[in-house]
Amino acid sequence: MDTRFGAGEGVRRASLPSLRPAERLGHVIGAALVLSGLTHLVVFAVDGGPWEGPVSWRKPVTFGLSFGVTLIAVTWVTSYLRMSRRVRTALLVLFAADCVLEVGGITLQAWRRVPSHLNMETGFDSAVSMALAVGGGILVVLLSAFAVISFRRRPDGPLGMPLALRSGFAVLLVALASGAAMIARGVYLTRTGHQEDAYASTTPLKPLHGVSLHAVLVLPALAWLLSRTSWSERTRWRVLTVAVGLYGVAVLGAGVWGALSS
């Protein structure tokens, strides 16, 4: 039988009591960030104001939800990566701390009613903006490390999980690249005296960044759900490969839209 079918079917499925301290930490902090995002959605409903723009309640909502879900997802999917426990623990703890830094800085500036990113108006605003930029750089390093590990050694997991993980991390690298491009372009415009243009410059790449960011959750989750069905291995494999292809098309479409909108 083709070795791609049935590989890793006997891998353990972690239950809550078997979670390690770093995994519990990731899930708890991730849930707290999601709760923060939902709380600020209520604040927006009560306080009102614009949804778009550099100063709005949208940012603590979307960043809280996005970082929270991503932290939970990365904590889960890295359990299938083949690395030492110490390395994974160190990377997860640092990643969780960085997620708190990013969401915390953005939320602080939202309550101060000033832009969080690319804001050099005062010394404090510059410090927050630079901290967020440095945090973004750390995120790139950490998530890239997980991506490299996923390709260096075949991940564990049920049928299709290695493909889902590698595809998810590959697409995640697109999200990281688009995020870095937004920051770099915004900083350049800010430094050259085009502050308003800097805030607007991130708009074309936001769909690409958002779509590609969550592939590392969607595709592995689909592989896991398929493993719980009674479908044949071949059918499950085909469904997963089609999903990977469709996700790639979505990312490509978002990239084309961003290029045409620039």
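FYI, it's all coordinate maths here, none of it is from the lab. Just so we're clear, the structure is a prediction, and the values are computed from it rather than from any experiment. In this analysis, Cβ positions are derived from the backbone assuming ideal geometry, glycine residues included, and neighbour counts consider all displayed protein chains.
Distance between the modelled labels on Ala133 and Leu19, one decimal in nanometres: 3.6 nm (7 Å Cα→Cβ projection). The order of the peptides 179-186, 243-250 by mean Cβ neighbours within 10 Å, most packed first, is 179-186, 243-250. Helix 215-227 axis versus longest C-alpha principal axis of the chain: approximately 30°, rounded to the nearest ten. Think of the chain as a dipole: +1 on every Lys or Arg Cβ, -1 on every Asp or Glu Cβ, centred on the Cα centre; then among Leu118, Gly248, Leu38, Gly248 lies furthest on the positive end.
What does the charge count near Gly137 come to, summing +1 for each Lys or Arg and -1 for each Asp or Glu among other residues with Cβ under 15 Å from its Cβ?
Working: positive: none; negative: Asp98, Glu102.
For residues surrounding Gly137, the net value is -2.
How would you rank 86-92, 162-168, 63-69, highest first, on the average number of other Cβ atoms within 10 Å across their residues?
Values: 86-92: 16.3, 162-168: 24.0, 63-69: 22.3.
The packing order, highest mean first, is 162-168, 63-69, 86-92.
Measure nothing fancy, just the Cα-based angle from helix 123-152's long axis to the longest principal axis of the chain, in degrees from 0 to 90, nearest 10. It is inclined by approximately 10 degrees. For the chain, the longest principal axis of the C-alpha atoms and the axis of helix 85-111 are separated by about 30°.
Extension gain for Ser84-Thr39 works out to 12.5 nm (0.36 nm per residue, less the C-alpha to C-alpha distance).
For an R0 of 51 angstrom, estimate the FRET efficiency from the Cβ-Cβ distance between Thr235 and Thr122 and round to the nearest 0.05.
Plugging the Cβ-Cβ distance into 1/(1 + (r/R0)^6) gives 0.30.
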